[in-house]
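Colleague: Sharing a structure below in C-alpha coordinates format, with a few things to ask.
The values are calculated or read from the model by the stated rules, or taken from the named source; none is laboratory data. All values reported here derive from a predicted model rather than from experimental measurement. We place every Cβ from the backbone using ideal geometry, glycine too, and count neighbours over all the protein chains shown. The accessibility values were calculated without ligands, DNA or RNA, using every heavy atom of the protein model including side chains. Shrake-Rupley method; radii C 1.70, N 1.55, O 1.52, S 1.80 Å.
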Amino acid sequence: MSKDNLSVKSKKPWPTKKAMEQVYDLKLWGARASSFYSGEGSHHPEIVVPYVEAVTAFLSSFEEPLVVCDLGCGDFNIGSKLVPYAQRYTGVDIVAALIDHNKATFKNERLSFNCLDIATDILPEGDCALLRQVLQHLSNREIASVVDKLASFKYVILTEHLPEGDFTPNQDIISGQGTRLKKNSGVQLLMPPFSMKAVEERELSVTQPTDGKGRIVTTLYTMY
(Lines give C-alpha, C1' and ligand atoms only; values in the text may rest on other atoms or scores of the structure.)
Protein backbone atom coordinates (compact mmCIF):
# COMPACT_ATOMS: atom_id res chain seq x y z
CA MET A 1 0.00 0.00 0.00
CA SER A 2 1.53 3.33 -1.01
CA LYS A 3 1.52 6.44 1.13
CA ASP A 4 -0.78 8.05 -1.42
CA ASN A 5 -3.33 5.33 -0.73
CA LEU A 6 -3.15 6.20 2.96
CA SER A 7 -3.81 9.92 2.52
CA VAL A 8 -6.77 11.52 4.23
CA LYS A 9 -9.16 11.92 1.31
CA SER A 10 -12.08 9.82 2.46
CA LYS A 11 -14.99 11.60 4.16
CA LYS A 12 -15.84 8.45 6.09
CA PRO A 13 -15.51 9.27 9.82
CA TRP A 14 -12.82 7.55 11.80
CA PRO A 15 -13.88 5.73 14.99
CA THR A 16 -10.92 6.79 17.10
CA LYS A 17 -12.62 9.44 19.25
CA LYS A 18 -15.42 7.11 20.39
CA ALA A 19 -12.98 4.24 20.89
CA MET A 20 -10.74 6.29 23.16
CA GLU A 21 -13.67 7.75 25.07
CA GLN A 22 -14.78 4.19 25.73
CA VAL A 23 -11.32 3.27 27.05
CA TYR A 24 -11.71 5.82 29.82
CA ASP A 25 -15.46 5.39 30.39
CA LEU A 26 -15.08 1.63 30.85
CA LYS A 27 -11.65 1.88 32.51
CA LEU A 28 -10.20 -0.56 29.99
CA TRP A 29 -6.66 0.44 30.94
CA GLY A 30 -7.38 0.03 34.65
CA ALA A 31 -8.52 2.39 37.38
CA ARG A 32 -7.01 4.42 40.18
CA ALA A 33 -8.39 7.16 42.39
CA SER A 34 -8.82 9.44 39.40
CA SER A 35 -11.61 8.96 36.88
CA PHE A 36 -8.94 9.01 34.18
CA TYR A 37 -6.12 6.49 34.14
CA SER A 38 -3.86 5.87 31.16
CA GLY A 39 -2.62 2.47 32.29
CA GLU A 40 0.48 0.98 33.89
CA GLY A 41 2.59 2.18 30.98
CA SER A 42 2.03 5.72 32.22
CA HIS A 43 2.47 4.93 35.92
CA HIS A 44 4.75 1.96 36.60
CA PRO A 45 8.12 3.35 37.80
CA GLU A 46 10.16 0.80 35.82
CA ILE A 47 8.64 2.21 32.63
CA VAL A 48 8.10 5.84 33.58
CA VAL A 49 11.43 6.68 35.24
CA PRO A 50 13.77 5.76 32.32
CA TYR A 51 11.54 7.64 29.88
CA VAL A 52 11.35 10.78 32.01
CA GLU A 53 15.10 10.70 32.61
CA ALA A 54 15.89 10.33 28.89
CA VAL A 55 13.51 13.05 27.72
CA THR A 56 14.51 15.38 30.55
CA ALA A 57 18.18 14.99 29.58
CA PHE A 58 17.34 15.85 25.97
CA LEU A 59 15.17 18.87 26.80
CA SER A 60 17.74 20.13 29.32
CA SER A 61 20.51 20.07 26.72
CA PHE A 62 19.25 23.27 25.08
CA GLU A 63 20.34 26.70 26.27
CA GLU A 64 16.97 28.07 25.15
CA PRO A 65 14.18 25.66 26.20
CA LEU A 66 12.09 24.07 23.46
CA VAL A 67 8.37 24.51 22.84
CA VAL A 68 6.95 21.01 23.39
CA CYS A 69 3.74 19.47 22.05
CA ASP A 70 2.66 16.29 23.83
CA LEU A 71 0.48 14.57 21.22
CA GLY A 72 -1.67 12.09 23.11
CA CYS A 73 -0.90 13.33 26.61
CA GLY A 74 -3.32 10.96 28.39
CA ASP A 75 -3.76 11.46 32.13
CA PHE A 76 -0.59 13.62 32.18
CA ASN A 77 1.18 11.69 34.90
CA ILE A 78 4.29 11.70 32.72
CA GLY A 79 3.91 15.06 30.99
CA SER A 80 3.62 16.84 34.32
CA LYS A 81 7.21 15.82 35.07
CA LEU A 82 8.50 17.35 31.82
CA VAL A 83 6.82 20.77 31.93
CA PRO A 84 9.65 22.43 33.92
CA TYR A 85 12.09 21.73 31.09
CA ALA A 86 10.03 23.36 28.31
CA GLN A 87 9.60 26.97 27.27
CA ARG A 88 5.94 26.16 26.65
CA TYR A 89 4.21 22.80 26.91
CA THR A 90 0.93 21.87 25.20
CA GLY A 91 -0.85 18.64 26.11
CA VAL A 92 -3.13 17.29 23.38
CA ASP A 93 -5.65 14.48 23.60
CA ILE A 94 -8.74 13.39 21.69
CA VAL A 95 -10.96 12.84 24.76
CA ALA A 96 -12.63 16.10 25.76
CA ALA A 97 -13.51 15.05 29.32
CA LEU A 98 -9.90 13.99 29.90
CA ILE A 99 -8.62 17.36 28.70
CA ASP A 100 -11.09 19.14 31.00
CA HIS A 101 -9.83 17.00 33.89
CA ASN A 102 -6.20 17.84 33.08
CA LYS A 103 -6.95 21.56 32.87
CA ALA A 104 -8.49 21.44 36.34
CA THR A 105 -5.73 19.29 37.83
CA PHE A 106 -2.45 20.63 36.39
CA LYS A 107 -1.68 24.33 36.70
CA ASN A 108 1.42 26.03 35.31
CA GLU A 109 1.86 29.32 33.49
CA ARG A 110 3.76 27.63 30.69
CA LEU A 111 1.25 24.75 30.33
CA SER A 112 -1.89 24.52 28.18
CA PHE A 113 -4.17 21.72 26.97
CA ASN A 114 -6.07 21.27 23.69
CA CYS A 115 -8.67 18.68 22.73
CA LEU A 116 -7.68 17.65 19.21
CA ASP A 117 -7.66 14.65 16.91
CA ILE A 118 -4.01 14.58 15.88
CA ALA A 119 -4.88 12.77 12.64
CA THR A 120 -7.46 15.26 11.40
CA ASP A 121 -6.87 18.57 13.20
CA ILE A 122 -4.16 21.20 12.83
CA LEU A 123 -1.48 20.63 15.44
CA PRO A 124 -0.11 23.34 17.74
CA GLU A 125 3.19 24.88 16.69
CA GLY A 126 6.31 23.77 18.50
CA ASP A 127 9.92 22.65 18.34
CA CYS A 128 9.52 19.12 19.67
CA ALA A 129 6.62 16.66 19.39
CA LEU A 130 6.22 13.85 21.91
CA LEU A 131 4.26 10.77 20.82
CA ARG A 132 4.39 8.31 23.67
CA GLN A 133 2.67 4.98 22.90
CA VAL A 134 0.03 6.77 20.84
CA LEU A 135 0.56 5.73 17.23
CA GLN A 136 0.55 2.06 18.23
CA HIS A 137 -3.21 2.40 18.83
CA LEU A 138 -3.97 4.03 15.45
CA SER A 139 -4.71 2.66 11.99
CA ASN A 140 -2.13 3.11 9.26
CA ARG A 141 -4.31 5.71 7.57
CA GLU A 142 -4.33 7.83 10.71
CA ILE A 143 -0.60 7.37 11.32
CA ALA A 144 0.12 8.52 7.76
CA SER A 145 -1.90 11.67 8.38
CA VAL A 146 0.05 12.37 11.57
CA VAL A 147 3.38 11.76 9.85
CA ASP A 148 2.55 14.38 7.23
CA LYS A 149 2.32 16.96 10.05
CA LEU A 150 5.44 15.95 11.95
CA ALA A 151 7.70 17.63 9.38
CA SER A 152 6.79 20.97 10.98
CA PHE A 153 8.68 20.01 14.16
CA LYS A 154 12.47 20.10 14.50
CA TYR A 155 12.42 17.05 16.78
CA VAL A 156 10.07 14.12 17.24
CA ILE A 157 10.37 11.79 20.24
CA LEU A 158 8.45 8.60 19.49
CA THR A 159 7.77 5.80 21.97
CA GLU A 160 6.36 2.49 20.71
CA HIS A 161 5.68 -0.96 22.17
CA LEU A 162 7.53 -3.33 19.84
CA PRO A 163 7.83 -7.12 19.69
CA GLU A 164 11.06 -8.83 20.68
CA GLY A 165 13.21 -10.19 17.87
CA ASP A 166 12.27 -10.03 14.21
CA PHE A 167 8.85 -8.67 13.30
CA THR A 168 6.90 -7.31 10.35
CA PRO A 169 6.59 -3.54 10.74
CA ASN A 170 3.44 -1.46 10.25
CA GLN A 171 0.79 -4.15 9.98
CA ASP A 172 -2.55 -2.32 9.87
CA ILE A 173 -5.08 -2.38 12.73
CA ILE A 174 -8.41 -0.83 13.62
CA SER A 175 -7.90 2.12 15.97
CA GLY A 176 -8.64 1.45 19.63
CA GLN A 177 -7.13 0.20 22.87
CA GLY A 178 -5.20 -2.62 21.20
CA THR A 179 -1.82 -2.56 19.47
CA ARG A 180 -0.01 -4.47 16.70
CA LEU A 181 1.72 -6.87 19.08
CA LYS A 182 -0.83 -9.63 18.42
CA LYS A 183 0.22 -9.44 14.77
CA ASN A 184 3.91 -9.59 15.75
CA SER A 185 4.20 -6.04 14.46
CA GLY A 186 5.03 -2.54 15.61
CA VAL A 187 5.16 0.99 14.25
CA GLN A 188 8.36 1.91 12.39
CA LEU A 189 7.92 5.39 10.89
CA LEU A 190 10.97 5.32 8.62
CA MET A 191 9.70 2.21 6.85
CA PRO A 192 6.87 1.83 4.28
CA PRO A 193 4.07 2.72 4.03
CA PHE A 194 4.99 5.84 6.07
CA SER A 195 8.61 6.41 4.98
CA MET A 196 9.02 9.43 7.23
CA LYS A 197 11.99 11.62 6.31
CA ALA A 198 14.43 12.36 9.13
CA VAL A 199 18.03 13.53 9.07
CA GLU A 200 18.96 11.61 12.23
CA GLU A 201 17.57 8.76 14.33
CA ARG A 202 18.78 8.07 17.88
CA GLU A 203 17.52 5.61 20.48
CA LEU A 204 16.93 7.30 23.84
CA SER A 205 15.70 4.43 26.01
CA VAL A 206 14.47 0.83 26.01
CA THR A 207 12.42 -0.70 28.82
CA GLN A 208 10.51 -3.91 29.43
CA PRO A 209 6.75 -3.62 30.07
CA THR A 210 5.34 -5.04 33.27
CA ASP A 211 3.70 -7.96 31.42
CA GLY A 212 7.06 -9.04 30.02
CA LYS A 213 5.84 -8.84 26.43
CA GLY A 214 8.02 -7.02 23.94
CA ARG A 215 9.94 -3.84 24.68
CA ILE A 216 9.10 -0.16 24.88
CA VAL A 217 11.46 1.85 22.69
CA THR A 218 11.86 5.63 22.72
CA THR A 219 13.52 7.13 19.64
CA LEU A 220 14.55 10.69 18.87
CA TYR A 221 14.18 11.87 15.27
CA THR A 222 15.77 15.07 14.07
CA MET A 223 13.55 16.22 11.22
CA TYR A 224 15.60 19.01 9.62
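Colleague: For the chain, what is the accessible area per residue in Å² when the probe is 1.4 Å?
Modeller: 49
Colleague: Within the accessible area of the chain, what % is carbon and sulfur when the probe is 1.4 Å and the other protein chains stay in place?
Modeller: That share works out to 50 percent.
Colleague: Between residue 67 and residues 5 or more places away or on another chain, which pairs have amide H atoms under 5 Å apart, with H built 1.01 Å from N, and which residues are they?
Modeller: Long-range HN contacts for residue 67: 87, 88, 127, 128.
Colleague: For the chain, set up a Gaussian network in which alpha carbons nearer than 10 Å are linked by springs, and say which option among 109, 164, 203 fluctuates the most.
Modeller: Maximum among the listed residues: 109.
Colleague: Indicate the gyration tensor shape class of the stretch 80-124 (rounded, prolate or oblate), computed on the Cα atoms with a ≥ b ≥ c the square roots of the eigenvalues: a/c under 1.5 is rounded; otherwise a/b larger than b/c is prolate and the rest oblate.
Modeller: oblate
Colleague: Enter the Cα centre distance for the pair the stretch 136-168 and the stretch 55-118, rounded to the nearest angstrom.
Modeller: For the stretch 136-168 versus the stretch 55-118, the Cα centre distance is 19 Å.
Colleague: With runs of 4+ DSSP H residues as the only contributors, calculate the mean residue ellipticity of the chain at 222 nm using -39,500 (n - 2.57) per run, divided by the residue total and rounded to the nearest 500.
Modeller: -6500 deg cm²/dmol
Colleague: By Kyte-Doolittle mean hydropathy of at least 1.0 and Cα axial length of at least 18 Å, which whole DSSP H helices of the chain are selected?
Modeller: TM-like helix candidates: 45-60.
Colleague: Evaluate the distance, in nm, between pseudo-label points positioned 7 Å from the Cα of residue 18 and of residue 120 along their respective Cα→Cβ axes.
Modeller: Result for the modelled spin labels: 1.2 nm.
Colleague: With the contact rule set at Cα under 8 Å and sequence spacing of 6 or more, what percent relative contact order holds for the chain?
Modeller: 20
Colleague: Run the quick spin-label model on residue 201 and residue 172: label points 7 Å from Cα toward the beta carbon, then report their separation in nm to one decimal.
Modeller: 2.3
Colleague: Work out the charge dipole of the stretch 168-207 with +1 on the Cβ of Lys and Arg and -1 on the Cβ of Asp and Glu about the Cα centre, then indicate which of 179, 196, 207 is farthest towards its positive end.
Modeller: Result: 179.
Colleague: Given +1 on the Cβ of Lys and Arg, -1 on the Cβ of Asp and Glu, and no further charges, what dipole in debye does the stretch 103-213 carry about its Cα centre, rounded to the nearest 20?
Modeller: Computed about the Cα centre, the dipole is about 220 debye.
Colleague: Which value, in debye to the nearest 20, describes the size of the charge dipole of the stretch 72-153 about its Cα centre when Lys and Arg Cβ atoms bear +1, Asp and Glu Cβ atoms bear -1, and nothing else is charged?
Modeller: So the dipole magnitude of the stretch 72-153 works out to roughly 260 debye.
Colleague: Can you tell me which of 139, 205, 195 moves the most in a GNM of the chain? Springs connect C-alpha atoms under 10 Å apart.
Modeller: 195
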